[in-house]
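Visitor: Below are the structure tokens for one structure; questions will follow.
The values are calculated or read from the model by the stated rules, or taken from the named source; none is laboratory data. Predicted model, so just to flag it, every value in this text is computed and none were measured. All Cβ positions, even for glycine, are placed from backbone atoms using ideal geometry, and neighbour counts span all protein chains on display. Note: areas computed on protein heavy atoms with side chains; ligands, DNA, RNA excluded. Shrake-Rupley method; radii C 1.70, N 1.55, O 1.52, S 1.80 Å.
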Amino acid sequence: MKVTIVGAGNVGASCADVISYRGIASEVVLLDIKEGFAEGKAMDIMQCATNTGFNTQLTGVTNDYSKTANSDVVVITSGIPRKPGMTREELIGINAGIVKSVTENILAHSPNTIIVVVSNPMDTMTYLALKSTGLPKNRIIGMGGALDSSRFKYYLSKALDKPANDVSAMVIGGHGDTTMIPLTRLASYNGIPVSEFLSQEELDKVAADTMVGGATLTGLLGTSAWYAPGASVAYLVDSILNNQKKMIACSVFLEGEYGQSDICIGVPCIIGKNGIEEIVDITLNDAEKGLFSKSADAVRSMNDALKSVLA
Ligand SMILES: NC(=O)c1ccc[n+]([C@@H]2O[C@H](COP(=O)([O-])OP(=O)(O)OC[C@H]3O[C@@H](n4cnc5c(N)ncnc54)[C@H](O)[C@@H]3O)[C@@H](O)[C@H]2O)c1
Ligand SMILES: O=C(O)C[C@H](O)C(=O)O
């Protein structure tokens, strides 16, 4: 199985590292526009192979899309990250042009691929990739919910003082500081609702910390995060390539589900060899419905900024 990762920066390289190390794909191509950069990252990662024991063939290329031909999955991480104090939405001006041109180049060499969009603002970039290519909705997947859910589980585990892997929880809605919806009501510790262990005040703090999880890291690091984003992409790619049918919150084009249409936004999806295999339309309570509708309004207004790019 072959995976291409466009953008060999922090997230792209981290994702290539996890995919290689875990043997998720037999072949990985890392592509970047910066001369020699992807080649260097690929060489550095490949020099781990004998110490960590993997056999994935990872190569780096400078803007040579012919090397990406016949990829089963393509991950788009090319674009600029935010700096402290910025929102993801402020990246749209530069990243929209990059995502559109990268998508065209990719499809010229891998017409049947499944595209995973990571560049921010991710829900809008996913919508752009879908609208500009006309690909069926199952083949364009926005990655954000897997990351936001892993952060939600992290903050829950800290509050519970229990292992994160004993916590089950999901974040839906937009991948933005104010648009994410941590589904606290449905979160559980070993099958028991977390509300049995944590006060409403503690749960509210966990949800608030989750929503600004990316901004917190950007403030600490000076640029946005990469280890958990890279691992979250790898988790999603694993479910596609190995047809695992995992339920993962992904940004997907909605046609009536959750009361929304003509928008890409995070909802639970079954992810397998065909990409998005099912949108899981769960019943939200009134408060959650209100939050989802507000989140969709915000994402939709951001999509309006794409008019000139899509014209
Ligand atoms: N969806 C998510 O959950 C999530 C998580 C983390 C980061 N991100 C986003 O991912 C993007 C990348 O973040 P990063 O930290 O890796 O940034 P980075 O600056 O470290 O890497 C981006 C790379 O893209 C390359 N690039 C730019 N234009 C290109 C083009 N046209 N073709 C090929 N390569 C090109 C750059 O040379 C650079 O190496 C940002 O937009 C960031 O906001 C999203
Ligand atoms: O926070 C960011 O800007 C990057 C990414 O979306 C994240 O959540 O880490």
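Visitor: Using the Karplus curve 6.51 cos²θ - 1.76 cosθ + 1.60 with θ = phi - 60°, what ³J(HN,Hα) values do you get for each residue of the stretch 155-168, in whole Hz, with x for Gly and Pro?
Guide: Ordered by residue, 3J(HN,Hα) equals 5, 5, 5, 5, 5, 7, 6, 9, x, 4, 6, 8, 9, 10 Hz.
Visitor: Related question: Kindly work out what percent of the DSSP beta bridges joining two residues of the chain are antiparallel, to the nearest 5.
Guide: Taking every DSSP beta bridge with both residues in the chain, the antiparallel ones total about 50 percent.
Visitor: Then there is this: Please list, or write none, the aspartates and glutamates whose alpha carbon is within less than 14 Å of the alpha carbon of Lys273, excluding same-chain residues fewer than 8 places away.
Guide: Asp72, Asp238
Visitor: For the stretch 45-121, what does the accessible surface come to per residue with a 1.4 Å probe? Please give it in Å².
Guide: Value for the stretch 45-121: 44 Å² per residue.
Visitor: Round to the nearest 10 and give me the degree value, 0 to 90, for the angle of helix 200-211's Cα axis relative to the longest principal axis of the chain.
Guide: Its long axis makes an angle of about 20 degrees.
Visitor: Show me the ranking of peptides 58-68, 126-136 by mean Cβ neighbours inside 10 Å, starting with the highest.
Guide: 126-136, 58-68
Visitor: What figure in square angstrom, to the nearest 10, would you give for the accessible area of Met1 with a 1.4 Å probe?
Guide: Here the residue's solvent-accessible area equals roughly 110 Å².
Visitor: Right, another one. Less than 14 Å Cβ to Cβ from Gly60, Lys/Arg counted +1 and Asp/Glu -1: what total charge do the surrounding residues give?
Guide: Working: positive: Lys34, Lys41, Lys67; negative: Asp17, Glu27, Asp32, Glu35, Glu39, Asp44, Asp64.
So the environment of Gly60 carries a net charge of -4.
Visitor: Same structure again: Any chance you could run the full-extension gain for Glu104 through Asp166? It's 0.36 nm times the residue separation minus the Cα-Cα distance, nm to one decimal.
Guide: Working: separation 62, 0.36 × 62 = 22.32 nm, distance 4.16 nm.
Working it through step by step, the gained length comes to 18.2 nm.
Visitor: My understanding is that a pair violates if its Cα-Cα distance is over 27 Å; which of Lys137/Lys289; Lys137/Lys245; Lys41/Lys205; Lys41/Lys158; Lys83/Lys162 do that in this structure?
Guide: Lys41/Lys205; Lys41/Lys158; Lys83/Lys162
Visitor: Per the helix-only calculation at 222 nm, which mean residue ellipticity applies to the chain, given -39500 (n - 2.57) for every DSSP H run of n ≥ 4 and division by its residues, nearest 500 deg cm²/dmol?
Guide: Computed mean residue ellipticity for the chain: -12500 deg cm²/dmol.
Visitor: Check Ile265: other-chain or 5+ apart residues with amide H under 5 Å from its amide H, H built from backbone geometry?
Guide: Val252, Leu254
Visitor: List, in order, the whole-Hz ³J(HN,Hα) value for each residue of the stretch 274-290 obtained from phi through the Karplus relation with A = 6.51, B = -1.76, C = 1.60 and θ = phi - 60°; use x for Gly and Pro.
Guide: Each residue of the stretch 274-290 in turn: 9, x, 6, 9, 7, 9, 8, 9, 7, 8, 8, 7, 4, 5, 5, 4, x Hz.
Visitor: Could you sort 80-86, 298-304 so that the peptide with the highest average Cβ count within 10 Å comes first and the rest follow in order?
Guide: Descending packing order for the listed peptides: 298-304, 80-86.
Visitor: Continuing with the same structure: Just the number, please: carbon plus sulfur as a percent of the accessible area of the chain, 1.4 Å probe, no ligands or DNA/RNA counted.
Guide: Here it works out to 53 percent.
Visitor: Could you please put Thr4, Thr223 in sequence from largest to smallest accessible area, using a 1.4 Å probe?
Guide: Most to least solvent-accessible, the answer reads Thr223, Thr4.
Visitor: Would you mind calculating the gained length between Thr62 and Asp177 on full extension (0.36 nm times residue separation, minus the Cα-Cα distance), in nm to one decimal?
Guide: Between Thr62 and Asp177, full extension yields an extra 38.1 nm.
Visitor: Got a sec to turn the phi values of the stretch 212-227 into Karplus ³J(HN,Hα) couplings, 6.51 cos²θ - 1.76 cosθ + 1.60 with θ = phi - 60°, whole Hz, x for Gly and Pro?
Guide: The phi angles translate into 9, x, x, 5, 4, 5, 4, x, 6, 9, x, 8, 6, 5, 9, 5 Hz.
Visitor: Which FRET efficiency, nearest 0.05, do Tyr21 and Ile94 yield, Cβ-Cβ r, R0 35 Å? Provide the component values of the computation, followed by the final result.
Guide: On the way: r = 31 Å, r/R0 = 0.88.
With R0 = 35 Å, the Cβ-Cβ based efficiency is 0.70.
Visitor: Next question, about the same structure. Could you please state, rounded to a whole Å, how far the C-alpha centre of the stretch 11-50 is from the C-alpha centre of the stretch 200-250?
Guide: 21 Å
Visitor: Hey, another quick one. Arrange the residues Met247, Met180 by how much accessible surface each exposes, largest first, with a 1.4 angstrom probe.
Guide: So, going from the largest accessible area down, we get Met247, Met180.
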